[in-house]
Structure formats: structure tokens, C-alpha cells
Amino acid sequence: MLRKIVFTISIFLILPFVLTGCVKLDSNEMVQINTPKNDNLSIKGKWDIESYEVIDKSTYSKDSINSLKGKNIIIDDDKIKVGDKEYVSVSYKLKVVKSDYEISYGSKFTASELGMGTKDIEVITASDKNNIIFDFFKNGDSSGYIYYQGVLFKVKKVDKAREEEFNASVDNQIESKASSTTKGMDKGLYLTLKTPRVKLDDGSYSDEKYRTLWVSYVDGKVRPVDEVSGILFPRMSGMWVLDKKHTEKDGYTQEYFTASQFKRESKDEYKIENGVSIYSNINYISNDYILTEKYKGNDFQNKFPDYVVLPVDNLLSDRGIVISDIYPKNINSIYENDFSKKLKSLSQDEIREVMPTINYGNFTVKRDDGKWDLYGRISPIDPNGKSFDYPLNIKPNASLVNFDTLSIPWRALRGEVPLIKDAYMSPDGKLAVILIENEILVYNVIDGNKLETTPSERYEIKDDEKVIMSDWCESDYVEMWGNTFKEFKKEVNKEG
């Protein structure tokens, strides 16, 4: 039973949201449910709400709940209808959790408090693109619980999913999109910046510093840019925090990274390597991978001979992934060709100083002319020697980059803003975030192809800061991302 049943109704639910209450999963704990036409999708059907409880007041929207009165949800193989709203590219994942699984990141509400009386609980996550719509906690074939925008709903199955009920919803969705596009859809951007190391008076080097910005457009207006020290980034399982840690032993320094969901602590334990120092920087952050550069030796001079790509779910791995872990196996031939061309371009003296054998994990992502590109590296034999980077003829895929499109071409943007260094544009093409020397400019876009005469917002940055992450959200997700950003900022300020 729920601790308190606040309201009893005979309706059902669900608008999109970013779920922030999942735990880190190993690959054997989560499986993809194939779509479409999967008879094993046990939550297919029409569902009503029997009761609900507000679990996290910082994330739920009372207006959203009220708008669902008299409505229900229909779940089908690859689409979901929620009231008058429909999602047509839905995928599902099944995972099994224990009774101590925390449903909400903002409270200590666990699965045991659902009163289902089982050790193992099946949870089906429904997602639209890279955003989670809901988590469904099964309690038999015709009942369960759904966590949505900080609210836990108790639900009951009342009918089958009928195809004809989706048809009318498609028209409503198209009309809704047209209306929101005319007045300007809400949108937001997480932008993470890093400040590089500098040499200190004693000959040592400082650490890199990271901060995350929140750029948003809400209710037809560009809002002031907000910032927080540290790294907050979105994943399919919710909002995560990335930290750099340091350990000292026998005069050696070792740096490593930990990641955990917001308001949780990483339980991973770092194993110290004896007799060596290790330094690492972050080059790029995706939903599932951290792309780093690494030095391992005993004479650190702020040089990093190797690129290492680490999975977020296993950041303390002894070695990184290789290119074929996130691309088809035949990608190796392209990688080999690009490596060989670069190696042949080096002088004989340079070749003698580098590792001549190919390393399929020695790659990273860099920002170049308003887009993310893949680069490989030929590493030196001496950790403090010269390394050689080269572009890879491989486009970043969805495992690395979610959205990276400029609706106004780079050349045109450079014509409008001659001092431009970088640019990011929202998926609907109506907001542009332009980086120039020492400043971020936020522009509304006119007619889809021209910046407004003056920026709506200006925000000061350091001239040596570089972007290492960019992630957009739209519509209903903007409120969720904004609320989480505020909560994260409170936590950082409390600790600092």
C-alpha cells in the first residue's frame, strides 16, 4: 500500500518526462523488448488511475496531473496515447529490480513501499527517442504503479489497446505541434564547459575545472543563463552527475572519474596502481560514454599521450572501449585507412618517436566549425613526447551525439557573427547559442534562416573555456531539466 493516498480517481495519465529515479544497471539486468508487434509486451492496453501520491514536490506539475482528469492511457507496441497526446516512436525496456530500489531521486521512497510483497519486481520503461515517458512497476497482469513527474500512480487495466483510438490522436498531435511552433516551443540546453590546467608557481599543474550552463526559452522568452560548478548530464535513466576524484599514495597522484544519478553516491571503489601517477582530462560527454585523454607515468608535464573512451556504467575499467564496440565491426577498415594515411604523412624522425601499431580505442570527439567530429590519435612512445591527431572519416552516431544540426549553415552564421567560434541550434531551429571570445550570445531565429539583430541574452565566459557537452530538450522536458538543474545547484552550493 502507498503511505498516503492523496486522491482517488478513475482516469489515466502520462506526459513525457525525464525519469530521475533509476539505478545503474548491468547489461544482464535490462533487456530490449522488440517493437513493433510484440505479443510479449505485457503492459499493452488501456489503463485507469485508481490513486496517486506525490513523491517529489520539486519535480511534479500539479497542472499536468489536473489535465489528466477524465483521461486514460493506451499502451501499444510502438506508440502510447496519453490523454490527447500521442507518441509514435516508443521503445520499451524491461528490467528487474530489488525491493530496496529507490523510485524517486528526491526522496527515499523505495519499491518495498509499494506493498507488492515480492523480492524481484519487473519494471518496464517506455521511452520516446532519448527521453523516458514513464516507468511501469508491474503487479500482476492487470495492475501496477507508474512513476511520473515526481508522482506515483496506482493503475488498473480496463481494456485492450485499440488501433482506432490512436487515429484521432494523431490529428490532435499535429495541431498541437503547429500551434506550439507558431508561438515558440519551450526548449533548453545543457552546455558543459571546461577550463584547462595551468602551470603553477611551484612547477606543478592545476586541475581542469568544469561547469554546466542552463540555457532556456520558456513561454516565448529567452531566460537568463544559469550556471553551476560541476557536471550534470542527461541519460536515458535520468540525470547524472560526473565527478573527478584524486588519490595520493607514496608521493604519486592518481585521478579518476565517478558517475552516479543525481542525489545518489557512486558505490564504485577505485583500485590504486602502485608506483605511478595518472592524470586524466575530459574531452567529451555523451549519454553513455566519457571521452578522456590520459597520462600515465612519473614526469607529468601536462601532456596526454592517449585517448580513452570509458562507459559511464564502468568508469573504473582498466581499459576503455574500442571503436567497434559502438559501431559495426566493418568500421575497423575505415579506422585503419585513416590511421595509415596519417602515419605515412609523418617524417622518418617522427615515426621513430611514435607507436606504429594501431589502437582502435585511441579516439575522441572534438568541436569543429559548429559540429562534433571524430578524431584518432597516434601516440608517442615517450608519454611526454609529441602525439599526432587526425580526422576520422566516421560520423558520430547516436551512441555519441544525440543532436548536432545547424539549421542556419556555419558559413551563413559566420557572415552574421564574424567573431563566431562555435554555435548550437535547437532542434526546432528557433534558438541559436553562439560562442564568441569571452561570451555566449543567445539569439532568436527569424523565419528559420536569420538571427535577430541583437541577442536576447549575453553571458560571460573565459576565453580558454571549451565546450565538452551539449544536450537539448524541448516541450515538457524543459521544466523537468530546469527543476533538476536548480536542485543540483542547491546541492553544490550547500557542499561548497
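Each reported figure results from applying straightforward, stated rules to the coordinates on display, with no laboratory input. Note that the structure is a prediction, hence the values are computed from the model and not measured.
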Next item on the list: Mind checking which aspartates and glutamates have their Cα closer than 18 Å to the Cα of Lys366? Skip sequence neighbours fewer than 8 apart in that chain.
Entry: Glu208, Asp288, Glu293, Asp306, Asp338, Asp389, Asp404, Asp422, Asp463, Asp464, Glu465, Asp471
Check: What pairs in Lys244/Lys386; Lys157/Lys490; Lys157/Lys486 have C-alpha atoms more than 28 Å from each other?
Finding: Lys157/Lys490; Lys157/Lys486
Notebook entry, point to check: Structure shown: which of Lys85/Lys160; Lys98/Lys245; Lys209/Lys421; Lys44/Lys329; Lys187/Lys421 lie over 26 Å apart, alpha-carbon to alpha-carbon?
Noted result: Lys98/Lys245; Lys44/Lys329
Note to self: Please list 3J(HN,Hα) in residue order for segment 475-487, calculated via the Karplus relation 6.51 cos²θ - 1.76 cosθ + 1.60 where θ = phi - 60°; whole Hz, with x for glycine and proline.
What the structure shows: 6, 5, 6, 4, 4, 5, 5, x, 5, 5, 4, 4, 5
Margin query: I'd like the Kirkwood hydrodynamic radius of segment 187-495, using the inverse of the mean 1/r over distinct C-alpha pairs, in Å.
Written below: 20.9 Å
Next item on the list: Report the extension gain between Asp325 and Asn337 in nm, rounded to one decimal, defined as 0.36 nm multiplied by the number of residues separating them, less their alpha carbon distance.
Entry: 2.5 nm
Check: Which of the residue pairs Lys194/Lys341; Lys221/Lys462; Lys79/Lys154 have a Cα-Cα distance greater than 28 Å in the structure shown?
Finding: Lys194/Lys341
Checklist line | Note, ³J(HN,Hα) from phi for segment 301-307, Karplus 6.51, -1.76, 1.60, rounded to Hz, x at Gly and Pro | finding: 10, 6, 10, 10, x, 10, 8
